[in-house]
1. For segment 1-63, what does the relative contact order come out to in percent, with C-alpha contacts under 8 Å and a separation of six or more?
2. At A25 and S9, where each label point lies 7 Å from the Cα along Cα→Cβ, what is the point-to-point distance in nanometres?
Amino acid sequence: MTPERFGVSPAESDAVRGGTPDENAATTRAIFAGEPGAARDVAVLNAGAAIYAAGRSDTLETASSLRARRSTRARPSPRSSATSRRA
């Protein structure tokens, strides 16, 4: 398997290495915001692997593609979601 098989570019391990709690939180927020980069690519591929392993997709490529498309959609902020659930 290669990154190119899934439509992502190869990256050095330093591009996805963890950091301080604040740095990791910033990386997580960037991934959830759909910002492109190596960390998002890894998150999308991992989510795709979970979708495939759960039997929700016939191929890993399709599962990763589905996850990538969904992760770029705009999302309401967690606060607005919590507010709408209480209403």
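What follows draws every value from the coordinates through simple rules; no lab data is involved. In this text the structure is predicted, and so the values were computed from the model without any measurement. Every residue, glycine among them, receives a Cβ derived from its backbone with ideal geometry; neighbour counts consider all protein chains shown.
1. In percent, rounded to a whole number, it is 26.
2. A separation of 3.0 nm, rounded to one decimal place.
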